[in-house]
1. To the nearest 0.05, how large is the calculated FRET efficiency for M94 and L2 if R₀ is 35 Å and r is the Cβ-Cβ distance?
2. Hey, if you put +1 on the Cβ of every Lys and Arg and -1 on every Asp and Glu Cβ in the stretch 83-128, which of Q97, L109, H122 ends up farthest toward the positive end of that dipole?
3. Suppose every K and R has +1 on its Cβ and every D and E has -1 on its Cβ; what is the size of the dipole of the stretch 8-54 about the Cα centre, in Debye to the nearest 20?
4. Using a Förster distance of 41 Å, how high is the FRET efficiency between L109 and K11, based on the Cβ-Cβ distance and rounded to 0.05?
5. Students often get this wrong: which residues of the stretch 4-34 have the backbone nitrogen under 17 Å from the point 7 angstrom along Cα-to-C-beta of T56?
6. Take Y61, Y105 and order them by how many other Cβ atoms sit within 10 Å, fewest up front.
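No lab work stands behind these numbers, since they all come straight from the coordinates. The shown structure was predicted, so the numbers you read here are calculated from the model rather than taken from an experiment. Every residue, glycine among them, receives a Cβ derived from its backbone with ideal geometry; neighbour counts consider all protein chains shown.
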Amino acid sequence: MLKQKLIKKRKEKALSQGDIAFKLGIEQSQYSRRENGKIFIPTKEWIALAKILNTTVGEIYEPQDGVFIINNENNKVSEKSINVDSQIEYILEMKNQLIEVKKKYIEKLEEENNRLRKKIKHLEYKAD
């Protein structure tokens, strides 16, 4: 699915596909496939694109699957509404919380290792 919002914003900023590709560290042809919807754009890349284009992810994001819903009141087709920025913030917050939990777990394991090392030394001393 063609990423019309992304293309429009890139053109507003007077940037070429090559300019964006260079900033992302990819080839222009790879970037073109992203704009044309042939390659999935991961969340990390949406964030980078928003920074490059000096905008929010919500302003340029379009879903890969092109999900549309029909408003039964007037039979208009509209894109499924999602607040991408808040979803990304939530994901990043969860990631940070997970990192903190893992750090605490590592601290506990280090404490246990130190305790066991002391116990081993004590047992070795007794054995001698």
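1. According to the calculation, E is roughly 0.65.
2. My answer, from the dipole projection, is H122.
3. Numbers: 11 positive and 5 negative charges, 31 e Å.
Charge dipole, the stretch 8-54, about its Cα centre: 160 debye, nearest 20.
4. Computed FRET efficiency for L109 and K11 comes out at 0.20.
5. Under cut-off, by backbone N: 5-6, 9.
6. Details: Y61 21, Y105 10.
Placing the least packed residue first, the sequence is Y105, Y61.
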